[in-house]
Amino acid sequence: MLRNYFKIAIRNLWKNKIFSLVNIIGLSAGISVCIVVALFVHRENSVDAFHTKNMYRLDEVQKFEGLVEPQKVALSMFPMGPTLQSEFPEIVNYTRIFGEKKIPFLYKNKQIISQSLLWVDSAFFQVFDFKLLKGSKSGVLAKSGSIVLSKSMSEKLFGSEDPIGKTISRHWSDSMQFMVTGIMEDVPENSHLQMDIITVFPTETKTNNIANWGNNWVVTYLELLPNTNIGALEKKLPAYLKKHIGDGEKDYELFLQPLKEIHSSSTDITHDYFNYQKFDKRNTYVFILIAFIVLGIGCMNFINLSTARSVGRAKEVGIRKTVGASRSQLGQQFIYESLLYAFVAMLFSFVLVGLFLPYINHLSGYHLSYGLLAEAKSVCLLLVGTVLVGFISGIYPAFYLSSFKPALVLKGSIQVGKNKSVGRNLLVICQFSGAIFLVICTVFVVKQLHFMQSSDPGFSKDQVVSITLSPAVQEKYKILKQEFLKSPTIEYVTGSFQRLGNNLHQTGVRIQGLGAERELTTSLTRVDRDFIQLYKIELLAGHDFRESDKGKGFLVNEVMAKELLKNTPGVPVESLIGKPFGLSFQDTLGTIIGITRNFNFNSLHNKIETLTISNLSDNAFPEMSVRANSMHMTEALKQMESSWKKIIPDVAFEYHFLDEDFENMYLADSQLSEIVGILSVIAIIIASMGLFGLAAYSVEKRTKEIGVRKVLGASVQNINFLLTRDFLKLVLISNCIAWPIAWFVLQRWLQNFAFKIELNLGVFLLTAIVATSIALITISFQTIKAAVANPVKSLRTE
């Protein structure tokens, strides 16, 4: 019997090629989306999953006076690791890390550049499960000067030579020499920590910083006992802070973040420098929801198309019942047919995913593959899911088609009842509500992304070339600047300790001349004198840096100016010019020489914080910025590279454009908008297929009515309007359902941005017009075809 069911199902599939193709496309699109989302979710859940210890990162909430709002940071104080371990029995071990980028190392005459060097404690390989190929976890970092290379870095530097015991040095300092004590496997992509070289903190660093409680510059990881009560442990931390920093405790709050949540739950944590491809796990839930919406639309599409074919299969049902087939047997047959469609769709989905996976990987920056689907558990889930899709899609058509009465259908009359039309209409409403919801969300996500990318940040980032200078090159900054400026294609060159677009470091400052001396915290960037001119930052009062201001003059932004004057309302910001002002650690104060207009030195996700700009040095900077003439950018880059090779021949010239950095800041938002946009297009196409099916069903059911109306003089336009109006009502109802849901969801989503667009009714109306137009085109294909048909054919049996 089962074999017979599938034989009939295959015959029907082949006989009704267009119907089968449309059904398979709808289901395979839904299954493909689910497979891709499953691959993506699996990848996200696998981040740091290979570590076996009960690990947590120690984070801070900083509540300093001067900050616009409290900030969560991934940094902590150097003494916290050892003191926490000694005072809390729940803490088994710890390690701290500090990182550097683009550090050159030498062995004999060969040089390599470390893209990510980590300074760590000796217990690093004991608390983390990074795989060592050579060396023991307890011994590779036991002594100061020990260094561990990744496999690829070792091969670049030593080739086939055994590196253990060999000595390498930092290119810019012959006195900094390291002995290779271990080789580790290249760090996998699903690790939030990415590094190619690891070395241990020098003894002098530990000695000099053991009592440094006021400086946050390391990331601390703690290994806790299994089943530790995290809430209870966190409640002890305020007393711990009080013990070690006294009254300063009021400015801090400590909390513990599980290792496996660092990658996906840190979007509100700043200064998170060691979090590779940071991702918001809320977007994962969004993708899962959308995948189910698209799959649901595909299933409803199958149901509508199956019931649309009811007239064509009515006689088949009648004959089978006449010769003795029971309703349950017919129902089973139709269920098996839908299962066949589901499995064929699953096979098609593998082809679709294979075709589009390279694009998806390019879009996401990940390396998703079919490897997950090779696991037995995944295969079982996929098979079970396909069976569920087939069963859910086929249960209603099976129930509906098997209910036909043979006496009626063999006469050519099918009484389906009003309730069945209501069911099909509800399916169309659900389909279009989901599709319209996705389209509205896509439009506003794209608008918000465009708003962030096109908004004036308050400074000019176009035509700015950024060059990161390694420690080996920083001492050449002044020579490079002078050489670059010899080119007529280069307008300005400046340096800074941090690039705009990063989380700027924060420090304490103090001011006098406004009553009692006041101390507060501010973001700080140290720059060369041409910084303001290169970035075209507007001054509201005072003047730019002059040679005489070096080390003594400070610029503050509007937010900082208002914070300084908050205890003296009504006093203009210009009154701050000349006031004694400086960094907290300075013995003598300088003065405020200028007030800058507010500019977004960070993402528009965040409010503009207080900012101080100082000019303490012009000799060495980690970041160099060059503004070139936009008409001669290619020539400028060639001249810069030529000058670089002349001054620093043994270091490659690498650069990027600042506007690209700001685009990367919104990479996650850009990915979200593109993915939601693609899925909304898929959803609207599948929903249109469902509407196409319902229109086909309606036309078939009303064929004779159309013939009678034409004989009585009805025009094509009249018949088209008659058949179309009911469907347009369904689309309008779908809009009424989708609008409030989309409004609520978007309002919640926009709360993640300090600077955001407003939701406007125009987009909702435009979406309704587009959805209605698509529905009208889809329906008209069937209705016009019926309206222009010869009425003689439809009335022949009367």
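Summary of computed values
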quantity	calculated
Dipole of the chain, positive direction: furthest Cα of Leu241, Val389, Thr568, with charges on the beta-carbon	Val389
Nearest 10 degrees, 0 to 90: helix 667-701 Cα axis against the chain principal axis	0
Angle between the chain longest axis and helix 418-454 axis [Cα atoms, degrees, rounded to 10]	20
Cβ charges +1 (Lys, Arg) and -1 (Asp, Glu), total dipole of the chain, debye	4860
Between the stretch 706-737 and the stretch 207-251, the Cα center-to-center distance that results, in Å	71
Global form of the stretch 652-756, assessed from the alpha-carbon gyration tensor, a/c cut-off 1.5	prolate
Candidates per GluC sites (Glu not before Pro) in the stretch 38-74, loop by DSSP, up to 15 other Cβ within 10 Å	Glu65
Amide H partners (placed H, <5 Å) of Val187, local residues excluded	Met195
Stokes-Einstein D for the chain, Kirkwood Rh over Cα pairs, 37 °C, 0.692 mPa s (µm²/s)	104
Using θ = phi - 60° and Karplus 6.51 cos²θ - 1.76 cosθ + 1.60, couplings along the stretch 582-587 (whole Hz; Gly, Pro as x)	x, 6, 4, 7, 7, 6
Heavy-atom surface of the stretch 37-141, accessible at 1.4 Å and reported per residue (Å²)	37
Gyration tensor (alpha-carbon) shape descriptor, the stretch 57-105, a/c threshold 1.5	oblate
Residues whose placed amide H lies under 5 Å from that of Phe497, excluding near-sequence neighbours	Arg526
Charged-residue dipole, Cβ positions (Lys, Arg, Asp, Glu), the stretch 181-237 about Cα centre, Debye nearest 20	480
Inter-site label distance for Glu663 and Leu426 at 7 Å from Cα along Cβ, in nm	4.8
Charge sum, other residues only, whose C-beta stays under 10 Å from Asp196's C-beta, Lys/Arg counted +1 and Asp/Glu -1	+1
Inter-probe distance in nm under a simple model that places probes 7 Å from Cα toward Cβ, at Leu225 and Ile647	5.8
Reachable aspartates and glutamates from Lys243, criterion Cα separation under 13 angstrom, eight or more residues apart if same chain	Glu87
Label-point gap, in nm, between Tyr370 and Lys729 - each point 7 angstrom along Cα→Cβ	4.9
Nearby aspartates and glutamates by direct alpha-carbon distance to Lys166 (threshold 12 angstrom, same-chain neighbours under 8 apart not counted)	none
Separation of alpha-carbon centers, the stretch 503-533 and the stretch 591-612, rounded to whole Å	11
In range of the label at Phe721: residues from the stretch 767-786 whose backbone nitrogen is under 17 Å from the point 7 Å along Cα→Cβ	776, 780, 783-784
Dipole of the chain, positive direction: furthest Cα of Ser122, Ala714, Leu766, with charges on the beta-carbon	Ala714
Modelled FRET efficiency - R0 41 Å, Glu519 with Ser160, Cβ distances, 0.05 increments	0.10
Around Val219: net Lys/Arg minus Asp/Glu count, Cβ-Cβ under 12 Å	-2
Cleavage-rule hits (trypsin sites (Lys or Arg not before Pro)) in the stretch 722-770: DSSP loop, at most 12 neighbouring Cβ within 10 angstrom	none
Stretch gain in nm, segment Glu204-Val788, where the contour uses 0.36 nm per residue and the Cα spacing is subtracted	201.1 nm
In order through the stretch 349-361: 3J(HN,Hα) via Karplus (6.51 cos²θ - 1.76 cosθ + 1.60), integer Hz, x for Gly, Pro	5, 4, 5, 4, 4, x, 5, 9, 4, x, 5, 5, 5
Between helix 716-750 and the chain: long-axis angle, C-alpha atoms, 0 to 90°, nearest 10	30
26 Å Cα-Cα reach of Lys7 towards lysines, excluding residues that sit fewer than 8 places from it in its own chain	Lys15, Lys17, Lys315, Lys321, Lys405
Cut-off 14 Å (backbone N to label point 7 Å along Cα→Cβ of Met633), residues of the stretch 450-470	461-466
Top positive-direction residue, dipole computed over the chain with Cβ charges, set Leu254, Ala435, His51	Ala435
Links that overshoot a 19 Å alpha carbon limit, given the list Lys461/Lys552; Lys110/Lys151; Lys102/Lys156; Lys281/Lys756	Lys461/Lys552; Lys281/Lys756
Gain on full stretching of the segment that runs from His656 to Ile577 - 0.36 nm per residue minus C-alpha separation	24.8 nm
Length added when fully stretched, Ser136-Asn619, from 0.36 nm per residue minus Cα-Cα	169.6 nm
Long-range amide H partners of Tyr252 with built H, under 5 Å	Lys63
Shape category assigned to the stretch 465-607 from the gyration tensor of Cα positions, a/c cut at 1.5	prolate
Subset of Lys260/Lys447; Lys72/Lys250; Lys250/Lys566; Lys108/Lys638; Lys72/Lys236; Lys53/Lys377 violating a 23 Å alpha-carbon distance limit	Lys260/Lys447; Lys108/Lys638; Lys53/Lys377
MRE, 222 nm, helices only [DSSP H, n ≥ 4, -39500 (n - 2.57), over the chain, to nearest 500]	-16500 deg cm²/dmol
Restricting the stretch 471-540 to trypsin sites (Lys or Arg not before Pro) in coil, as DSSP defines it, with at most 12 other Cβ within 10 Å	Lys486
Pairwise FRET efficiency - Leu347 versus Glu316, Cβ, R0 = 35 Å, nearest 0.05	0.85
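The values are calculated or read from the model by the stated rules, or taken from the named source; none is laboratory data. Just so it is clear, the structure is predicted and the values come from calculations on it, not from any experiment. Cβ sites come from the backbone with ideal geometry, for glycine too, and all protein chains shown count toward neighbours. Protein only, heavy atoms only, side chains kept; ligands, DNA and RNA dropped before computing areas. Shrake-Rupley method; radii C 1.70, N 1.55, O 1.52, S 1.80 Å.
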